[in-house]
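Reading through the structure tokens given below for one structure.
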Amino acid sequence: MNPSKTLIHLAAAACVSLTTGAALAQQADWPAHAITLVVPFAAGGGGDTLARLVAEPLSRELGQSIIVENRPGAGGNIGASIAARAKPDGYTLSYGTNGTQAINHWLYKSPGYAPGDFEPISRFTVIAAALVVNGTDDRFKTLAQLLDYAKSHPGELTCGSAGNGTSSHLACELLNQMAGIRVMHIPYKGGSAAMTDLLGGRISFLIDVMPNVSGQIAAGKLRALGVTTPERVGSNPDVPTISEAGVKGYEFFAWDGLYAPKGTPTAVLDKLNAAVNQALQRPDVRKSLESRGAVPSPTTRQSLADFGAEEYTRLGKVVKTAGAAID
């Protein structure tokens, strides 16, 4: 072989070795500085609250600050798109939900990203929702009373939601389908507007996640007639499930978790998964989440990938049956 070519090959091999070694060293040192967690929802909302409740103990596990960056808009699509395009080095992570990882891809014509643009890390929680009415509405003390009224007065009752295709909308549509009732859907531009009208007596009921309604239930401003999970919620044990209260088999829940841009090193993903699992084992963290109706449910990376795929299909069927779509 030509000596000059041999030297070139040796130099190239040395460069590859040095580059690989540097990359491995960087992964071993990760995290060397603060991490940004993109939350694709407005500050102060239910999703933002849950994300911050996990981000704080997670930062302690990792030994680095986690900066929460709220990038709301388009049902979470804007923030998710930004996170998907970030450098896959472990320093930009994404807070994902059943909306951003499943529903939006059936609801929006062009969400701006695909589920495959992310590396799943771990689920955070499974989040119950509750069917709530105004606390002063004496017509409905139980779900059976509401269902009986809806059957005898088709189209009269109204169910508010945070907007077309949102979890609160799909939960209402599923109730219509499974209970054999016809309730008018009233979409709002956000959950807070729907809540304002429910408290003001302008809509009949709302099915929303527990973190958004638990405070109003505790204050007596809302009355919970049923929760959407298969089992009762520990923070409100006296509230029956919708299934046991009259709509057998009804089940609808939200969930959230941690994701990274596609291509993030496996070593970093594994370290993040272990840190999330440790953070969610802390008694104070579990108590704080459970008090809001969010049950800590960490997973392996593969389990979250499998679960996400199942949810993508399941929720897609609900969206199509509801006929919800946003251009």
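The values are calculated or read from the model by the stated rules, or taken from the named source; none is laboratory data. Please read all numbers here as calculations on a predicted model, not as lab measurements. Every residue, glycine among them, receives a Cβ derived from its backbone with ideal geometry; neighbour counts consider all protein chains shown. Ligands, DNA and RNA are stripped out before the accessible areas are found, and what is left, the full protein with its side chains, is counted by its heavy atoms. Shrake-Rupley method; radii C 1.70, N 1.55, O 1.52, S 1.80 Å.
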Checklist outcome for this item: Within the range 207-269, DSSP-loop GluC sites (Glu not before Pro) with at most 16 other C-beta atoms within 10 Å are Glu231, Glu251
Checklist outcome for this item: Plugging the Cβ-Cβ distance of Glu290 and Lys141 into 1/(1 + (r/R0)^6) at R0 = 30 Å yields, to the nearest 0.05, a FRET efficiency of 0.70
Next on the checklist: Please list, by residue number, everything in the range 97-134 whose backbone N is under 15 Å from a paramagnetic label point 7 Å out along Cα→Cβ of Lys221.
Outcome noted: 132-134
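Rounded, prolate or oblate: which fits the range 87-129 when a ≥ b ≥ c are the square roots of the eigenvalues of the alpha-carbon gyration tensor, with rounded for a/c under 1.5 and prolate only if a/b beats b/c?
oblate
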Checklist outcome for this item: Excluding residues fewer than 8 positions from Lys189 in its own chain, the lysines with Cα under 25 Å of it are Lys109, Lys221, Lys317, Lys320
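Per residue, how much accessible area does the range 142-249 have with a 1.4 Å probe, in Å²? The partial results should precede the final answer.
Working: 4670 Å² over 108 residues.
Result: 43 Å² of accessible area for each residue.
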Checklist entry - With a ≥ b ≥ c the root eigenvalues of the C-alpha gyration tensor of the range 141-250, is it rounded (a/c under 1.5), prolate (a/b larger than b/c) or oblate? => result rounded
Item to check | Per-residue [θ]222 nm for the chain (sum of -39500 (n - 2.57) over DSSP H runs n ≥ 4, rounded to 500) | outcome: -14000 deg cm²/dmol
Item to check | Correct choice for Rg/Rh (Cα atoms, Kirkwood Rh) that was computed from the model, options (1) 1.08; (2) 0.97; (3) 1.16 | outcome: (1)
Item to check | Selection from Ser235, Phe124, Gly220, by position along the positive dipole direction of the chain (Cβ) | outcome: Phe124
Item to check | Where trypsin sites (Lys or Arg not before Pro) in DSSP loops with at most 14 other Cβ within 10 Å are excluded, longest remaining stretch of the chain | outcome: 1-84
Checklist entry - Is the range 238-327 best put as rounded, prolate or oblate by its Cα gyration tensor, with a ≥ b ≥ c the root eigenvalues, rounded for a/c under 1.5, and otherwise prolate when a/b is larger than b/c, oblate when not? => result oblate
Checklist entry - From the residues Ser152, Gly76, Phe140, which one has its Cα farthest along the dipole of the range 29-177 in the positive direction, the dipole being from +1 and -1 charges on Cβ of Lys/Arg and Asp/Glu about the Cα centre? => result Ser152
Checklist outcome for this item: With the 8 Å Cα cutoff and a minimum separation of six or more residues, the range 211-327 has a relative contact order in percent of 20
Item to check | Sequence-separation-based contact order of the chain, relative, with Cα cut under 8 Å and 6+ spacing, percent | outcome: 26
Item to check | Rounded FRET efficiency, nearest 0.05, which uses the C-beta distance separating Thr313 from Asp270 and R0 of 22 Å | outcome: 0.20
Checklist entry - With contacts defined as alpha carbon pairs under 8 Å and 6 or more residues apart, what's the relative contact order of the range 164-208 in percent? => result 44
Checklist entry - Given a Förster distance of 56 angstrom, what is the FRET efficiency for Lys87 paired with Arg232, based on the Cβ-Cβ distance and rounded to 0.05? => result 0.80
Item to check | Derived scalar couplings ³J(HN,Hα) [the range 94-104; Karplus, 6.51 cos²θ - 1.76 cosθ + 1.60; whole Hz; x for Gly, Pro] | outcome: 10, 7, x, 9, 4, x, 6, 9, 9, 4, 4
